[in-house]
Amino acid sequence: MKKPTLEQIAKECNVTKGLVSRALAGKNNVSDATRERIIRKATELGYDTSKLKAHKVTSNRVLLISSSRILFKEDFWQPIITSISSTLSRNNLIMEYFAFDEDNIDDETIKKLKESSCSAFVIMHIAPKKIMDVVLNKKKPVVIVDPKTFYSDATQFKFSNYDSTYLAVQRLIEQGHRHIAFYGSDSHSLSFRERHEGFMACAEAHKDIVKPYSVIFNNDNKYYSNEEMLLEVLKNNPITAIVCANDIIAINAIKTVFKLNKKVPDDVSVIGFDNIKTGDFMSPRLSTFNIPRQEIGEEVAKYVANSIKSHQIALSQIVVRCDYIERESNIQISK
């Protein structure tokens with residue numbers, strides 16, 4: 001792919017060429033929101049993002065490692081990344097970006113990572129073994145945000161996956177639901193698996209009154225659904241509520257329920273997880289668990305800054321509470 005010009009990036013972002021140049025060079029006179037928007041577009045167009053820098057303040061650098069796909073997810077990941085960048089800047093740290101293509105991690109990508117010099121690493125959700133081996137070998141502080149898999153040699157910032165879905169089932173039981181399904185993919189990520197575990201734990205605690213159903217699909221195709229599987233379970237069982245591994249899965253579940261000529265929440269209640277914007281705009285508005293993205297970014301950056309300052313690699317699992325937001329997609333039914 002031919003390297004995009006600054007003019008192309010500027011045109012796509014509807015900004016000036018000079019603004020693009022300043023953003024990609026890490027100059028201070030660019031807002032965080034504009035900088036992140038330009039970086040996303042540059043990555044999308046094929047620009048080499050491995051050397052991009054945030055504000056230039058000191059020689060201490062933090063390398064943020066992310067797949068290109070995640071950089072494009074404005075609703076979910078960008079608020080966290082922006083918060084990390086701005087908080088690191090306030091702590092006199094530079095944040096550099098290292099983006100990779102999940103489907104094409106070649107020798108040149110690994111070479112660039114090996115040659116990178118930084119004081120700490122922040123990994124967004126997923127990093128293939130090739131990349132993790134290089135990162136861990138550098139013996140620097142490593143923080144993974146919402147890890148896809150478990151790594152004992154890195155600090156992990158996780159969401160309250162288990163506790164939150166436990167509370168979701170508990171809330172549905174309070175509303176009179178007795179036949180409750182979990183819809184998700186255990187193999188997709190650690191978060192999804194922990195949410196399923198929380199669901200099963202609450203169902204087990206109320207086994208005298210609750211009948212649980214697990215609708216678990218393979219998400220290798222990134223469709224976040226298996227409509228045929230869910231249709232089969234809904235047709236053959238008196239399910240009145242579905243707890244979903246995330247909001248996208250919940251939205252797909254609602255579409256599947258409608259295909260059975262049933263209504264949400266009148267016939268089937270649905271609860272998601274993540275609090276993406278789409279869930280608040282749909283009808284009915286989706287009940288969900290909010291991930292406090294700005295606060296997570298701030299805490300990640302503070303943790304990294306303290307690790308660099310203390311010259312210590314502390315390994316921890318930090319669980320961030322995700323509060324329940326009840327909207328219109330689940331209701332009280334007769335017990």
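Some notes on this structure:
- Leading residue by the ranking (surrounded by the fewest Cβ atoms within 10 Å (Cβ to Cβ)) among those in region 259-295 that are of a type in the set (Gly, Ala, Ser) and over 15 Å from the mean Cα position of the chain (by Cα): SER283
- Members of region 86-127 that are of a type outside the set (Ser, Thr, Tyr) and in a helix (DSSP H, G or I): LEU88, ARG90, ASP107, GLU108, ILE110, LYS111, LYS112, LEU113, LYS114, GLU115
- Test result for LYS56, within 26 Å of LYS111 (Cβ to Cβ), among the charged types (D, E, K, R), more than 26 Å from the chain's Cα centre (by Cα) and modelled with pLDDT under 85: yes
- If you go through region 214-230 and pick out every residue that is surrounded by 18 or more Cβ atoms within 10 Å (Cβ to Cβ) and in contact (Cβ under 8 Å) with a residue 12 or more places away in the chain, you end up with 7.
- Looking at CYS244, CYS202, just one residue is farther than 27 Å from MET282 by Cα, modelled with pLDDT of 95 or more and crowded, with 20+ Cβ neighbours inside 10 Å, and that residue is CYS202.
- Every listed requirement among (1) of a type in the set (Gly, Ala, Ser); (2) within 18 Å of the chain's Cα centre (by Cα); (3) closer than 23 Å to ARG37 by Cα is met by SER86 save one, (2).
- Enumeration of residues in region 219-256 that are farther than 22 Å from PHE76 by Cα and among the polar types (S, T, N, Q): ASN226, ASN236, ASN237, THR240, THR256
- Take the conditions (1) surrounded by 14 or more Cβ atoms within 10 Å (Cβ to Cβ); (2) of a type in the set (Asp, Glu); (3) over 21 Å from the mean Cα position of the chain (by Cα); GLU298 misses just one of them, which is (3).
- Residue count, region 66-125 (criterion: under 28 Å from GLY279 (Cα atoms) and charged (D, E, K, R)): 5
- Pairs linking a residue in region 114-140 that is assigned by TED's automatic domain parsing to the domain that holds TRP77 and without any contact (Cβ under 8 Å) to a residue 24 or more places away in the chain to a residue that is of a type in the set (D, E, K, R) and not in a helix (DSSP H, G or I), with Cβ atoms under 6 Å and 6 or more positions apart or on different chains, are LEU136/ASP153.
- Every residue from region 141-160 that is farther than 21 Å from ILE110 by Cβ and free of Cβ contacts under 8 Å to residues at least 60 places away in the same chain: ASP146, PHE150
- Candidates HIS188, HIS196 - the one that is crowded, with 17+ Cβ neighbours inside 10 Å, assigned by TED's automatic domain parsing to the domain that holds PHE273, at pLDDT below 95 and within 20 Å of the chain's Cα centre (by Cα): HIS188
The values are calculated or read from the model by the stated rules, or taken from the named source; none is laboratory data. As the structure is a prediction and not an experimental result, all values here were calculated from the model. Every residue, glycine as well, gets a Cβ built from its backbone with ideal geometry; the counts of neighbours run over all protein chains shown.
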